[in-house]
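The structure appears below as structure tokens.
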Amino acid sequence: MKRTSEFKPGTPFTAVILAADRNPDDPLVRASNACCKALVEIDGTPMLQRVVSALQESKHIEAILLSGPPREQLAHNEFLENALSKRRISWLAPQNSPSSSAYQAMKSLPQHSPVLVTTADHPLLTAEIIDYFLCHALETGADVAVGVITYSAIQEKFPNAKKTVTRLRDGGYCGCNLFAFLTPQSHRVAAAWCKVEQQRKNPLRVISQLGWWSVLRYLLGRMTLDKALAELSQRLKVSIKPVHLPFPEAAIDVDSIADQKLVEAITGIDK
């Protein structure tokens, strides 16, 4: 599959942060007394602020677009409100799902501009992680690059972390909420994402998008990560490749009170 545009290292990206609430009665939000999940604090700093700061420090990011939370909720944070008023970041109303929000955000951007999609509940994200991922994403020559890390690497550094693991022939893998959309045709992946996003906690259903023979091979433990992505690429008529990250922190997001405590323990160690 031939790419229609070619980006070189140093090509500026637009970062899209998915920051809308999906659970109206989220125990994490209630326990934190925050107005929304994106503004739940880690050691006194809202998660969304941490993500925005990391992106601003990245040498690859030229612009930042927030998809959610509701615009009025951002007024509760001086850092974010100031960045919005000075147009250092921009805001777009979220859609009814993460994939729809990502797709709508990408449609609002120039078609030939590369896009990084990440999430607001990624408080351990750093400029180093972002730059490593994007530099290696450009080197793949793919339409879409996906950040991944082995579950064993996460266990080794953070043995108490609870993660959804996709177990394949070459090991167990976890996603890192880092997606690079590098060509116009890569938008097809965002559209396909809409169909499977409700199944992300069920790897078997997700992998069924590859076809029933692939499901059988998955059950038998005969599929590797590269093979799985190659077959998905063929089905979607795009090239999807992984970027293996050496940062276990990249896989730690905050979906629960336990996750919040884990991240605060990690940031406390780092101080």
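The values are calculated or read from the model by the stated rules, or taken from the named source; none is laboratory data. Computed from a prediction, not measured in an experiment: that's the story for all the values here. Every residue, glycine among them, receives a Cβ derived from its backbone with ideal geometry; neighbour counts consider all protein chains shown.
List of remarks:
- Candidates are the residues of segment 13-40 that are without any contact (Cβ under 8 Å) to a residue 40 or more places away in the chain and more than 21 Å from the chain's Cα centre (by Cα); the one that is farthest from GLN56 (Cα to Cα) is ASP25.
- Subset of segment 109-123 that is of a type outside the set (A, V, I, L, M) and within 21 Å of ARG22 (Cβ to Cβ) - its residue that is nearest to the chain's Cα centre (by Cα): THR118
- Among the residues of segment 71-104, those identified as touching a residue at least 40 places away in the same chain (Cβ under 8 Å) and in contact with a Pro (Cβ under 9 Å, 6 or more places away or on another chain) are HIS76, PRO94, SER100, SER101.
- Only one of the numbered conditions (1) of a type outside the set (A, V, I, L, M, F, W, C); (2) at positive phi; (3) crowded, with 22+ Cβ neighbours inside 10 Å is not met by THR118, and that is (2).
- The residues on offer are ALA191, ALA161, ALA120, and the sole one that is at pLDDT 95 or above and either of a type in the set (Gly, Ala, Ser) or within 19 Å of LEU232 (Cβ to Cβ) (or both) is ALA120.
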